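Here is the structure we will look at, set down as structure tokens.
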Amino acid sequence: MLLDSASLYFRAFYGVPDTVRSPDGTPVNAVRGLLDIIAKLVTEYGPEAIVACWDDDWRPRWRVDLIPSYKAHRVAREVPGGVDVEEVPEALVAQVPVIREVLGALGIVIQGAPLAEADDVIGTLATRTPGPVDVVTGDRDLFQLVDDANGVRVIYTARGMSNLEVLTDETVTAKYGIRPDQYADFAVMRGDSSDGLPGVAGVGEKTAATLLAEHGDLVGIQAAAADPASAMRPALRQKFEAALDYLAVAPKVVEVVRDLDLPEVDARIRPPADRAALDALSERWNLGGSLERVLTALEKAAS
């Protein structure tokens, strides 16, 4: 099970009241909410191994160099030569180190990579790991990883933890009218305002799906747009002609990286090595029933 960690702890932060605090007054709503999310996932889906995939670089420079608007609206402060600071509520910023500390004490592997988003870590692990693999995320971009033949599916959290959606080849096709391997091209054309991707102006989901059904992929669509003998409508040709610069770089930005040089890790679920350390963390951060629930789920999975 590969966790899109930031996606989940943001969900936890906004889903649990910030009145949940530690004895010193620090909010711990994201910490406790994430533990409850993990407990539910492990209980419901029974993974043998789990990796918390991390954004070591939430806005990699190489993506920004290709599309400067990429996640630009979420930048709180630019850091020349470094990782830009993301606009994150202060109450959540304070909890991220606690989340890492607690996950480590639970024995849950945290894995990131320089110049890479969690999506790229997930893409690499999902590609190189023999299935079955469950990817847990609220990010539609990871639908491109769904692959029945290799046992990769997405557990989609956008509708809430009580209404999880499991995406397979069949459900992606039913939802969008495309195959998962066409999803990245679909997302390039549609665009995504939450990531600062403009898309092809005037091409929405229905048009993008129709074009992919007719031409197979973005390369085929662009070839048809450039071919005066093709049946593509003139107005649609003009839309693709106007978007040539964007289309030259967007596929690389949208496609998740699948070949990062990640070290091999043993992510098998085991009983925590140091229960006393966990008890101390629980007391310090007021983790209460959330820690007990995730411990119960992990210990059951380990057995």
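None of the figures in this text is laboratory data; all of them are computed from the coordinates on show. The model shown is predicted, which means the values in this text are computed figures rather than measured ones. Cβ sites come from the backbone with ideal geometry, for glycine too, and all protein chains shown count toward neighbours.
Note on segment 129-267: with charges restricted to the Cβ of Lys and Arg (+1) and Asp and Glu (-1), its dipole about the Cα centre is near 720 debye.
Of PHE240, SER194, ILE221, which is farthest towards the positive pole of segment 181-254's charge dipole, taken about the Cα centre with +1 and -1 on the beta-carbons of Lys, Arg and Asp, Glu respectively? Positive-most Cα among the choices belongs to PHE240. Around the Cα centre of the chain, unit charges on the Cβ atoms of Lys, Arg, Asp and Glu (plus for the first two, minus for the last two) sum to a dipole of about 560 debye.
In the chain, helical runs assigned H by DSSP with n ≥ 4 each contribute -39500 (n - 2.57); averaged across all residues and rounded to the nearest 500, the mean residue ellipticity at 222 nm is -14000 deg cm²/dmol.
Given +1 at the Cβ of Lys and Arg, -1 at the Cβ of Asp and Glu and no other charges, the dipole of segment 96-187 around its Cα centre is 200 debye to the nearest 20. A crude spin-label estimate for the pair ASN163 and GLN238, with each label 7 Å from Cα along the Cβ direction, gives 4.0 nm. Rounded to the nearest 10 degrees, the angle from helix 244-254 to the longest Cα principal axis of the chain is 30 degrees. The long axis of helix 29-45 is offset from the longest Cα principal axis of the chain by roughly 80 degrees. For THR296, THR129, THR137, THR157, the sequence from fewest to most other C-beta atoms within 10 Å is THR296, THR129, THR157, THR137. In terms of other Cβ atoms within 10 Å, LEU211, LEU278 run from fewest to most in the order LEU278, LEU211. Quick one: among ASP192, ASP84, ASP227, which has the greatest mean-square fluctuation in a GNM of the chain with alpha-carbon springs under 10 angstrom? Maximum fluctuation in the GNM of the chain, among the listed residues, is at ASP227. Axis of helix 96-106 versus longest Cα principal axis of the chain: the two differ by about 70°, to the nearest ten degrees.
Take every Cα pair under 8 Å whose residues are at least 6 apart in sequence, average their separation, divide by the length of the chain, and the relative contact order is 25 percent.
Using Cα springs under 10 Å in a Gaussian network model of the chain, which residue among VAL98, VAL51, VAL31 shows the largest mean-square fluctuation? Looking only at VAL98, VAL51, VAL31, the biggest GNM fluctuation is shown by VAL98.
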